[in-house]
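Participant: Provided herewith is a single structure, encoded as structure tokens, for subsequent inquiry.
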Amino acid sequence: MTQPAAADGAVIAALGAYVPSRRMTNADWGQYVDTSDEWIRSRTGIEERRMAADDESTATLATRAAERCLAAGKFPADRIRWVLVSTDTPEMWNPATACFVQAAIGAVNAVALDVTGGCAGFVAALGLAEARARLGDPVLLIGCELLSKAMDWSDRSTAVLFGDGAGAALVLPGSEAEGLAVTSLIAGTDGRDADILGKPYGGTKNPLTAELVAAGHHHKIVMHGQYVFRNAVVHMTDAAHEALGRAGLTLADIAWVVPHQANQRILDAVAERLKVEAVKVYSNVARFANTGSASIGIALVEAIQRGLIEQGQRLLTVAFGSGFSWAAGVLTCTAVPPVEADLG
Ligand code: UT7
């Protein structure tokens, strides 16, 4: 999935994001599980997260981010050829969440597909979007998770980590637009570690039964936290180096690292291994927690809204997630892309 830098490659021409308005603090979690603000803050850096309203679903979150992205880019929905939704918390088993988004935004000329790539899914799918954009196809890529309806609220070791949200990117041929040009993109998976993080019940391997539901397994997220932590640090560091190497660049060329927002301790450990100042590693995990494949889109939008991204800068984005998968890319800012979101 690696492409060399090319002036006529692919460009993120606009971005949009959506987070639900309902805030849930660490203290609020005390109503549900035996935990504390101190434990969550010190282990993860998370202070609060957003939770979807009862009438919101994955497709409604994704649609809001998509609409904002297209509005920011002033791009007509009927010119989109591909709607790609990266999510591990789909609208339903079938059809793909992307189909509902396609209908809602009126992308009548688009193929609609989902990617299940864990928290690395957005960056990995950016590689797919890039390949199509290089061939001339406008792509709308959305990372979206609604974990609050897909997790076990009585499991303190997983539930407190997550938040809901969506980030969308309009990916266009480089000949057609400026923005965040995809300079290099790498991705990988080690399926031997598929069981360290995931949601094993409800599929064809472990179909739901009344007994499984009674035991709460329909919501169970399996996570070997410390093993995931170690894997994340190693693979994010290696992936970052690989993406830089493919671009012929070093960390000295990078203005901002925009990583998957899983956990502040992971981000700090990656910064230390990469030998970059932690201040150059963009983080909003304190306010939004881990929003899975939505986190990098949301972080990019927020960094741009805060005026941190400037023309000529290079960004390094890097992610890890279930699979066990990783992905990283170098983005070159040929022009600051327009964004739309209300993340306040
Ligand atoms: O997309 C998902 C990606 N996943 C991640 O990024 C997670 C990576 N892993 C981590 O960040 C850390 O492993 C965690 C934050 C999940 C856990 O931190 P830890 O330092 O590895 O804690 P632990 O799992 O070793 O648990 C230590 C203790 C246990 O109690 P005992 O057995 O020592 O009595 C847990 O039961 O902390 C307990 N614990 C909690 N206590 C208060 C677990 N969750 C909580 C909680 N509040 N929410």
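Participant: When ASP28 is evaluated against the numbered criteria (1) touching a Gly at 6+ places or on another chain (Cβ under 7 Å); (2) within 14 Å of the ligand (Cβ to nearest atom); (3) open to solvent by 20 Å² or more (accessible area, probe 1.4 Å), which criterion, by number, is the only one it fails?
Facilitator: Failing condition for ASP28: (1).
Participant: Also: Since SER293 meets every condition but one in (1) under 18 Å from the mean Cα position of the chain (by Cα); (2) free of Cβ contacts under 8 Å to residues at least 40 places away in the same chain; (3) assigned to a helix (DSSP H, G or I); (4) within 13 Å of the ligand (Cβ to nearest atom), which condition does it not meet?
Facilitator: (2)
Participant: Does ARG43 satisfy the criteria of being within 14 Å of the ligand (Cβ to nearest atom) and open to solvent by less than 10 Å² (accessible area, probe 1.4 Å)?
Facilitator: Details: within 14 Å of the ligand (Cβ to nearest atom): yes; open to solvent by less than 10 Å² (accessible area, probe 1.4 Å): no.
In short, no.
Participant: Next up: Would it be correct to say that LEU249 is outside any helix (DSSP H, G or I) and surrounded by fewer than 23 Cβ atoms within 10 Å (Cβ to Cβ)? Walk me through it before giving the result.
Facilitator: Numbers: outside any helix (DSSP H, G or I): yes; surrounded by fewer than 23 Cβ atoms within 10 Å (Cβ to Cβ): yes.
Here the answer is yes, as LEU249 does meet what is asked.
Table: residues versus (1) open to solvent by 20 Å² or more (accessible area, probe 1.4 Å); (2) within 15 Å of the chain's Cα centre (by Cα); (3) within 26 Å of ALA335 (Cα to Cα).
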{"site": "VAL108", "(1), (2), (3)": "yes, no, no"}
{"site": "VAL115", "(1), (2), (3)": "yes, yes, no"}
{"site": "GLY118", "(1), (2), (3)": "no, yes, no"}
{"site": "ALA125", "(1), (2), (3)": "no, yes, yes"}
{"site": "ILE142", "(1), (2), (3)": "no, yes, yes"}
{"site": "GLU145", "(1), (2), (3)": "no, yes, no"}
{"site": "ARG156", "(1), (2), (3)": "yes, no, no"}
{"site": "VAL160", "(1), (2), (3)": "no, no, no"}
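Participant: A follow-up question, please. Given the structure, is ALA303 open to solvent by 10 Å² or more (accessible area, probe 1.4 Å), away from the ligand (no atom under 15 Å from the Cβ), over 30 Å from SER154 (Cβ atoms) and small (Gly, Ala, Ser)?
Facilitator: Considered against the rule, which asks whether it is open to solvent by 10 Å² or more (accessible area, probe 1.4 Å), away from the ligand (no atom under 15 Å from the Cβ), over 30 Å from SER154 (Cβ atoms) and small (Gly, Ala, Ser), ALA303 comes out as no.
Participant: Here is a follow-up. All but one of (1) at pLDDT 95 or above; (2) aliphatic (A, V, I, L, M); (3) within 30 Å of GLU340 (Cβ to Cβ) hold for VAL279; which doesn't?
Facilitator: Of (1) at pLDDT 95 or above; (2) aliphatic (A, V, I, L, M); (3) within 30 Å of GLU340 (Cβ to Cβ), only one is false for VAL279: (1).
Participant: Further, regarding this structure: For segment 285-300, which positions are open to solvent by 10 Å² or more (accessible area, probe 1.4 Å) and among the small types (Gly, Ala, Ser)?
Facilitator: The one that is open to solvent by 10 Å² or more (accessible area, probe 1.4 Å) and among the small types (Gly, Ala, Ser): ALA286.
Participant: Any idea which of VAL160, VAL139 is within 21 Å of ILE304 (Cβ to Cβ) and of a type in the set (Val, Ile, Thr)?
Facilitator: Answer to the check: VAL139.
Participant: Let me ask something else about it. Every residue in segment 321-344 that is open to solvent by 10 Å² or more (accessible area, probe 1.4 Å), within 16 Å of the ligand (Cβ to nearest atom) and in a strand (DSSP E or B), please.
Facilitator: SER325, TRP326
Participant: A further question follows. Tell me which residues, restricted to segment 174-199, are within 16 Å of the ligand (Cβ to nearest atom), surrounded by fewer than 16 Cβ atoms within 10 Å (Cβ to Cβ), within 26 Å of LEU141 (Cα to Cα) and not small (Gly, Ala, Ser).
Facilitator: ASP190
Participant: Still on this model: Do we have GLY165 as closer than 30 Å to ASP28 by Cβ, touching a helix residue (DSSP H, G or I) at 6+ places or on another chain (Cβ under 7 Å), without any contact (Cβ under 8 Å) to a residue 40 or more places away in the chain and not β-branched (Val, Ile, Thr) here? Give the steps one after another, and end with the answer.
Facilitator: Working: closer than 30 Å to ASP28 by Cβ: yes; touching a helix residue (DSSP H, G or I) at 6+ places or on another chain (Cβ under 7 Å): yes; without any contact (Cβ under 8 Å) to a residue 40 or more places away in the chain: no; not β-branched (Val, Ile, Thr): yes.
In short, no.
Participant: Any idea which residue in segment 216-241 is nearest to the ligand (Cβ to nearest atom), counting only those that are within 17 Å of LYS149 (Cα to Cα) and part of a loop (DSSP other than H, G, I, E, B)?
Facilitator: ILE221
Participant: Further question on the same structure: Being open to solvent by 20 Å² or more (accessible area, probe 1.4 Å), among the small types (Gly, Ala, Ser) and more than 16 Å from the ligand (Cβ to nearest atom): is that true of GLY73 here?
Facilitator: Working: open to solvent by 20 Å² or more (accessible area, probe 1.4 Å): yes; among the small types (Gly, Ala, Ser): yes; more than 16 Å from the ligand (Cβ to nearest atom): yes.
Yes: the conditions hold for GLY73.
Participant: Follow-up. Of all residues in segment 255-284, how many are crowded, with 20+ Cβ neighbours inside 10 Å and under 13 Å from VAL330 (Cα atoms)?
Facilitator: Looking only at that region, the number is 4.
The values are calculated or read from the model by the stated rules, or taken from the named source; none is laboratory data. The model shown is predicted, which means the values in this text are computed figures rather than measured ones. Ideal geometry is used to build each Cβ from the backbone, glycine not excepted, and the neighbour counts take in all protein chains shown. Remember, those area values only see protein heavy atoms, side chains included, never the ligands or the DNA or RNA. Shrake-Rupley method; radii C 1.70, N 1.55, O 1.52, S 1.80 Å.
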